[in-house]
1. Please order His330, His96 by the number of other Cβ within 10 Å, starting at the fewest.
2. Between their Cα atoms, which of Lys329/Lys366; Lys305/Lys457; Lys109/Lys152 are more than 19 Å away from each other?
3. How tilted is helix 176-189 with respect to the longest principal axis of the chain? Cα atoms for both, answer in degrees (0 to 90, nearest 10).
4. So which GluC sites (Glu not before Pro) in segment 188-279 are both in a DSSP loop and have at most 10 other Cβ atoms within 10 Å of their Cβ?
5. Which whole-number percent is the relative contact order of the chain (Cα, under 8 Å, 6+ apart)?
6. I'd like the Karplus ³J(HN,Hα) series for segment 309-319: coefficients 6.51, -1.76, 1.60, θ = phi - 60°, whole numbers in Hz, and an x wherever there's a Gly or Pro.
7. Would you please name the GluC sites (Glu not before Pro) within segment 389-425 that are DSSP coil residues with at most 10 other C-beta atoms within 10 Å of their C-beta?
8. Whole Å is fine, so just give me how far the alpha carbon centre of segment 164-216 lies from that of segment 283-346.
Amino acid sequence: MSHVNVFDTTLRDGEQSAGVNLNKLEKIEIARQLERFGVDVMEAGFPASSQGEFEAVQHIARTIKGVSVAGLARAKKSDIDTAWEALKDGVEPRLHIFLATSPIHMTYKLKKTPEEVLQIAVETVAYAKQKFPHVEWSAEDATRTDVDFLVKVVEAVIDAGATVINIPDTVGYTTPEEYGKLFRHLRENVPNIDKVTLSAHCHDDLGMAVANSIAAIENGATQVEGTINGIGERAGNASLEEIAVALKIRQDQYPFTTNLNLKEIKRTSDIVSKLTGMAIPGNKAVVGKNAFAHESGIHQDGVLKEASTYEIITPEMVGVTSNSMVLGKHSGSHAFREKVQELGYRFSEAKMKEVFETFKQLTARKKEVTDEDLFTILMEAQLENVTVKKYELQAFQVHYGSANLPTATVALTTPEGSRKEHAGMGQGSVEAIYNTLESLVHEEIHLQDYQLSSIGKGRDALAEVHVKMTVNGTETSGRGTAQDVLEASANAFLNAVNRIFLTQQVDQQKKAQV
Ligand code: KIV
Ligand code: ZN
């Protein structure tokens, strides 16, 4: 069995998905889970892209000690310097530097000749190597690059100090056979290729990202890159959980091991979906809600007789449990604390009391509190930023009747600490609440998307709402959870507005530093 390193880019390429913007606290929450999942490298972001991104990458590099943290940079000295400042306190600081090598990118985007590109690549890798022990170099749009030029530039950047060579299928254009051949060709024709880790990075525009990644592994890739749930630019990246499970289930075909703990797949997938607001399609391989559901009578009969008739992956293998009741209204604080620890959370004494109170309130209204419910409460508590001033919902009331115009009365406290109340109308209950909230906050709001889902099953399941909106012209997203859908809707609205304060706080800190 050969070993394959796993490079996760959920926090960088994944975060480039349309409409996704994670703040620092959310990124660290995902980073902690990626560490538990067992990835070898996590790409935390692109430090030179904004102050908020710089701080998030720095925070992750300083916090995550079991995994090498990488940051992206263009082939520019200033990007490399910024990335070093963000990453230097990490355990194994790693730079991911990229430069396009395809004729189409060199001509139209970079407006440079191949010779110029080669020279920039070598110079910037050599510069990066003076700071970073690990330098990954990516030939952007490698699959549409002239192969002889690719061989030449790869050899040169290895001589300049690159320790990992990545061959991205940037536009999701390649096929398994073609991509596999490219890896074989590089292995056979780049004289110094055995000095480095050779990495595959695929996008899913033609729906072949996972198949392409596996073809690369079969043909000499020693690292595979991807994201959780396959999120990413356009159609997304190769889905890491699908690659991991395919390697496991088809060991007869793929004699490769990874350091991943497959039992963490479900939880990792849930956290990423919750925090990015990107819902997982029911039929998504490995982590979709229907991945283990058997609908037809013939299948159900077969599975009852012998699960392997129609089930090639067991739910337990990927951490899907029966989601039974974990704690109830009679559970004391001792049992609660143990469960909190088991789920991987640590809180101060005061915060623990507060979270226990929230749990108790939930048990008073919900018959069964499942792992999923508890996990939602704990994660929200962890993400609550106490230092940022914000709007807080105090109370609301909605009148709805099929013959009347829905009205909402809402009371909230403002970031300045005063209480405000207002009543408003809308064509539906949610619209009435949102119109009222809009007239209570100072910001100019445009709602762009609203999605409602339930956490787990049953009529008393928690409601979760994700919204996308612009607040004073800046795109943001918000998330709200409650037992009632209207309360969850109001929470999501205010969460989106409050996130803007967190961003503004970062910008103000930046001004203070200049
Ligand atoms: O897909 C791509 O080419 C990338 C590069 C930045 C490596 O994500
Ligand atoms: Zn990419």
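1. On the way: His330 7, His96 27.
Ranking His330, His96 by Cβ neighbours within 10 Å, fewest first, gives His330, His96.
2. Numbers: Lys329/Lys366 9 Å; Lys305/Lys457 26 Å; Lys109/Lys152 21 Å.
Violating the 19 Å Cα-Cα cut-off are Lys305/Lys457; Lys109/Lys152.
3. The angle comes out at about 40 degrees.
4. Details: sites: Glu188, Glu218, Glu225, Glu233, Glu241, Glu242, Glu264; in loops: Glu233.
Those that pass, being in a loop and sparsely packed, number zero.
5. Working: 1007 pairs, mean separation 54.6, N = 514.
Computed value for the chain: 11 percent relative contact order.
6. 4, 10, 10, 8, 10, 8, x, 4, 4, 9, x
7. On the way: sites: Glu392, Glu416, Glu421; in loops: Glu416.
Taking segment 389-425 and a limit of 10 other Cβ atoms within 10 Å, the loop GluC sites (Glu not before Pro) found are Glu416.
8. 35 Å
None of the figures in this text is laboratory data; all of them are computed from the coordinates on show. Only a predicted model underlies this, so the values are computations on that prediction, with no experimental measurement involved. FYI the Cβ positions are ideal-geometry reconstructions off the backbone, even for glycines, and counts take in every protein chain you see.
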